[in-house]
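Encoded as structure tokens, the structure appears first; notes follow it.
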Amino acid sequence: MEKALERLRQLCLALPEARETVAWGHPVFKAGTKTFAAIEPVKGRPSIAFRLAPVDVDLLLRRPGFFTTPYGRGLWVSAWADEALDWPLIGGLAERSYRVVALKRMLEALDEGARRGPRRRRGKEILPGEAQPG
């Protein structure tokens, strides 16, 4: 679970004003006061949960490895984190989930960063929100 948590942490904390905290005994990622992703045990297995639009939840539930988040009320979907994960998909879900709950200024910062594109430093890509060395 630690590997999945570290990769999810990198994806989520690259988003404007996103932060990590602990709620209900496990790591969650928030935009402002609202949770958009979590890594948590479900039935004894590690999973990653995302807050999404109901149509996205329905589409993901048709894919292997995704399941209804127990508390989700149709607004959350989870993926098993102890199976091979499609990290480009997980990254897209993290951003989509963030967009569901983020404040307007956060979305503007995200979109501005996307318009500028990744910055480069001596051939190394610097992702938006990544700290630059002093």
Worksheet item: If each Cα of segment 1-71 is one equal point scatterer, what is log10 of I(q)/I(0) from the Debye formula at q = 0.25 Å⁻¹?
Response: -1.28
Worksheet item: Which order results if GLU6, GLU17, GLU40 are arranged by neighbouring Cβ count within 10 Å, fewest first?
Response: GLU6, GLU17, GLU40
Discussion item. Among [x] 37, 33, 28; [y] 45, 30, 28; [z] 64, 47, 21, only one was calculated for this model; which label is it, if the read-out is Cα extents along the principal axes in Å?
Written reply: [y]
Practice prompt. Can you check what the net charge comes to around THR33, using other residues whose Cβ is under 15 Å from the Cβ of THR33 (Lys, Arg +1; Asp, Glu -1)?
Written response: +4
Practice prompt. Give the cross-link partners of LYS34 among the aspartates and glutamates, using a straight C-alpha distance below 13 Å as the criterion and excluding same-chain residues fewer than 8 apart.
Written response: GLU17, GLU20
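So between ARG96 and LEU59, what do we pick up on full extension, going 0.36 nm a residue minus the alpha carbon distance? Could the numbers behind the result be given before it?
Values: separation 37, 0.36 × 37 = 13.32 nm, distance 1.37 nm.
Gain on extension, ARG96 to LEU59, equals 11.9 nm.
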Discussion item. Could you work out the relative contact order of the chain? I mean the mean sequence separation of Cα pairs under 8 Å and 6+ apart, divided by the number of residues, in percent.
Written reply: 24 percent
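Bear in mind that the values in this text are calculations on the coordinates, not laboratory data. Computed from a prediction, not measured in an experiment: that's the story for all the values here. Heads up, the Cβs are rebuilt from the backbone with ideal geometry, glycines too, and the neighbour counts pull from every protein chain shown.
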